[in-house]
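Asker: Encoded as structure tokens, here's the structure I'll be asking about.
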Amino acid sequence: MFDYLFAQYKGYPVHEVYLELIAVFFGLCSVWYAKKDNILVFPTGLISTSIYAYLLWQWSLLGDSMINVYYFIMSIYGWYHWTRKKDNIDEFPISTMNGKERVIAVIIFTLTIVFVVVIYLYFNKFTNWYSYLDTLLTAIFFVGMWLMAKRKIENWIFWIAGDLLSIPLYFAKGYTFTSFQYTVFTIIAVYGFLEWKKILNSLQSLEHHQS
């Protein structure tokens, strides 16, 4: 059983295995802080995504690497967005998407699909089934990260969908630790959605009483 799960690591440089474990640790911390609506989601995420961007590029997983570069950029934006306050109150608390944001989400999803397909065609990377799934996941995660940076509760729906698809994908690619990470991500994302829902209901109830 152990060999089945971890035999693929025999040929990896030792430093890459350690880097993957560090990235997994900080990735789990980041999702946990996201669940708690805690701004530490961003600095921990920056560490994880920077490591993964490097590793995935080394492993020739271009779509995955681009996801993490995008995560890195959006984490900086989200960090700034979440710290904005007005009269010592969060200027952008947890909320739901409006019509304009839904349109933007569709545009981000569509453009991401087109962009990744062009990249994969250019590098001739459509060689197996997970190349196609990787394209879909890139679009799902791009939208999810944008929504999280905007503090929209719908971000969890995209994370849950993407995490579930990532579990078999990374296992098939031979990255068992990362596959385990996405299993935990899925569980935390479900609880994250429920916790944000409670916070959102409390905020809406408070606004209702104030009005």
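Asker: Pull up segment 57-77, narrow it to residues that are over 13 Å from Ile119 (Cβ atoms) and more than 13 Å from the chain's Cα centre (by Cα), then point me to the one that is surrounded by the most Cβ atoms within 10 Å (Cβ to Cβ).
Answerer: So the residue we want is Trp59.
Asker: If you take the residues in segment 163-178 that are at pLDDT below 90 and among the hydrophobic types (A, V, I, L, M, F, W, C), which one is farthest from Ser131 (Cα to Cα)?
Answerer: Checked segment 163-178; the qualifying residue farthest from Ser131 (Cα to Cα) is Phe177.
Each row is one residue, and each column tells you yes or no for (1) at pLDDT below 95; (2) buried (at least 16 other Cβ atoms within 10 Å of the Cβ); (3) under 18 Å from the mean Cα position of the chain (by Cα).
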{"site": "Val116", "(1), (2), (3)": "yes, yes, yes"}
{"site": "Asn155", "(1), (2), (3)": "no, yes, yes"}
{"site": "Phe158", "(1), (2), (3)": "no, yes, yes"}
{"site": "Ala161", "(1), (2), (3)": "no, yes, yes"}
{"site": "Phe180", "(1), (2), (3)": "yes, yes, yes"}
{"site": "Ile199", "(1), (2), (3)": "yes, no, no"}
{"site": "Gln204", "(1), (2), (3)": "yes, no, no"}
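Asker: Would you confirm, using the coordinates I've provided, whether Ile94 is out of contact with any Ser or Thr (no Cβ under 7 Å at 6 or more places or on another chain) and either at pLDDT below 90 or closer than 23 Å to Ile167 by Cα (or both)?
Answerer: no
Asker: Residues in segment 111-126: is at least one outside any loop (DSSP other than H, G, I, E, B) and closer than 27 Å to Trp32 by Cα?
Answerer: Yes, because at least one residue in segment 111-126 is outside any loop (DSSP other than H, G, I, E, B) and closer than 27 Å to Trp32 by Cα.
Asker: Among Phe193, Phe171, Phe158, which is touching a residue at least 40 places away in the same chain (Cβ under 8 Å), at negative phi and hydrophobic (A, V, I, L, M, F, W, C)?
Answerer: On the way: Phe171 fails: touching a residue at least 40 places away in the same chain (Cβ under 8 Å); Phe158 fails: touching a residue at least 40 places away in the same chain (Cβ under 8 Å).
Testing whether each residue is touching a residue at least 40 places away in the same chain (Cβ under 8 Å), at negative phi and hydrophobic (A, V, I, L, M, F, W, C) leaves just Phe193.
Asker: Now, a different point. Go over the candidates Ser65, Ser30, Ser95, Ser50 one by one and state the one that is touching a residue at least 60 places away in the same chain (Cβ under 8 Å) and polar (S, T, N, Q).
Answerer: None of the other options fit; the residue is Ser95.
Asker: Also, quick follow-up: Take the residues in segment 125-153 that are aromatic (Phe, Trp, Tyr) and over 15 Å from Thr96 (Cβ atoms); name whichever of them is surrounded by the fewest Cβ atoms within 10 Å (Cβ to Cβ).
Answerer: Result: Trp129.
The values are calculated or read from the model by the stated rules, or taken from the named source; none is laboratory data. From a predicted model like this one, the values you see are computed outputs, not experimental measurements. Every residue, glycine among them, receives a Cβ derived from its backbone with ideal geometry; neighbour counts consider all protein chains shown.
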